[in-house]
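The values are calculated or read from the model by the stated rules, or taken from the named source; none is laboratory data. This structure is a prediction, so every number in the text was calculated from the model and none was measured. Methodologically, a virtual Cβ is constructed for each residue, glycine included, from the backbone with ideal geometry; neighbour enumeration extends over all protein chains shown. We work out accessible area using only protein heavy atoms, side chains counted, and drop any ligands, DNA or RNA first. Shrake-Rupley method; radii C 1.70, N 1.55, O 1.52, S 1.80 Å.
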Amino acid sequence: TGIIIHARSASDEVTADPEKAQTLLTQILDLARSGLAEARRSVEALRRPYLLENGNLQDALRRLAAQLDSSIATQVVYEVIGTPYSLSYDLENNLFRIGQEALTNAIKYAKADEIRIELIYEPTQCSLRIKDDGQGFEVENQAMRNGFGLIGMAERAERIRAELTIQSNLGQGTKIVVSIDRE
């Protein structure tokens, strides 16, 4: 919007006040550069979560768990099971995003005392498991059909050819597991 307004003003001033027009053109360039830089930051943030920028999946989940554990009443426990191996950028990104959404849902809705994050490295597959001891929900109920978070997790799992399992019962907590075959 700023670029358009400045461009119109510059157009009006080209013949009447060339110096003012030049100033407006300089402002247009500055606005365009700033807008482009902001757009690039936004796109990059969508692609690669901040916590994954300087590390791998297990480190990013460890930092996320520590942040959550220190800022919410629910205890957050994180464990890596097995010997970690590297995963592709795309797999790590999608597994992390699925984990974030599962954690967000657990924090918002579960009323849990504890949330467990387990990153499991097996010889043939890698799994991320988010478990809580909260109130649970009926998976086939309205929450599943209307929950954009659950739909987003399913879409991300499908995108990376992972298996997503959601198990929950009223009063018995929820377990979300996403498993991907090793590359």
Dipole magnitude of region 52-119 about its Cα centre (Cβ charges: Lys, Arg +1; Asp, Glu -1), debye to nearest 20
180 debye
The chain: angle of helix 2-16 to the longest principal axis, Cα-based, in degrees nearest 10:
10 degrees
Please determine, in degrees from 0 to 90 and to the nearest 10, the orientation of helix 18-47 with respect to the longest principal axis defined by the Cα atoms of the chain, where the helix direction is its Cα long axis.
10 degrees
What helix-only [θ] at 222 nm does the chain give? Using -39500 (n - 2.57) per DSSP H run of at least 4, over all residues, to the nearest 500, the answer is -17500 deg cm²/dmol
For the residue pair Ile5 and Glu155, what label-to-label distance in nm results when each label sits 7 Å from Cα along the Cα-to-beta-carbon direction?
3.4 nm
Linear extension gain, Glu183 paired with Gln125, 0.36 nm per residue minus alpha-carbon span:
20.0 nm
Counting Lys and Arg as +1 and Asp and Glu as -1, what is the net charge of the other residues whose Cβ lies under 15 Å from the Cβ of Ser9?
-3
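Only sites in a loop by DSSP and with at most 12 other Cβ atoms within 10 Å count here; which chymotrypsin sites (Phe, Trp or Tyr not before Pro) in region 51-93 make the cut? Working shown, then result.
Values: sites: Tyr78, Tyr85, Tyr89; in loops: Tyr85.
Sparse-neighbourhood loop chymotrypsin sites (Phe, Trp or Tyr not before Pro): Tyr85.
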At 1.4 Å probe size, with no ligands or nucleic acids counted, give the accessible surface of Arg33 in Å², nearest ten.
150 Å²
Report the net charge of residues surrounding Lys111, where surrounding means a beta-carbon distance below 13 angstrom and charges are Lys +1, Arg +1, Asp -1, Glu -1.
-3
Which percent of Cα-Cα pairs in region 90-183 sits in each 5 Å bin, short to long?
3, 14, 26, 26, 17, 10, 4, 0
Please determine, in degrees from 0 to 90 and to the nearest 10, the orientation of helix 148-159 with respect to the longest principal axis defined by the Cα atoms of the chain, where the helix direction is its Cα long axis.
90 degrees
By DSSP, what percent of the beta bridges with both residues in the chain are antiparallel, rounded to the nearest 5?
75 percent
From the P(r) of region 78-137, could you give the percentage of C-alpha pairs in the tail past 17 Å?
42 percent
Zone of Asn56 (label point 7 Å along Cα→Cβ, backbone N under 14 Å): which residues in region 104-135?
119-123, 126-127
At a probe radius of 1.4 Å, what is the per-residue accessible area of Leu64, in Å² to the nearest 10?
20 Å²
Please report, in whole Å³, the volume per residue of the convex hull around the C-alpha atoms of the chain.
161 Å³
The summed charge of the Thr26 Cβ neighbourhood (under 15 Å; Lys/Arg +1, Asp/Glu -1) stands at -2
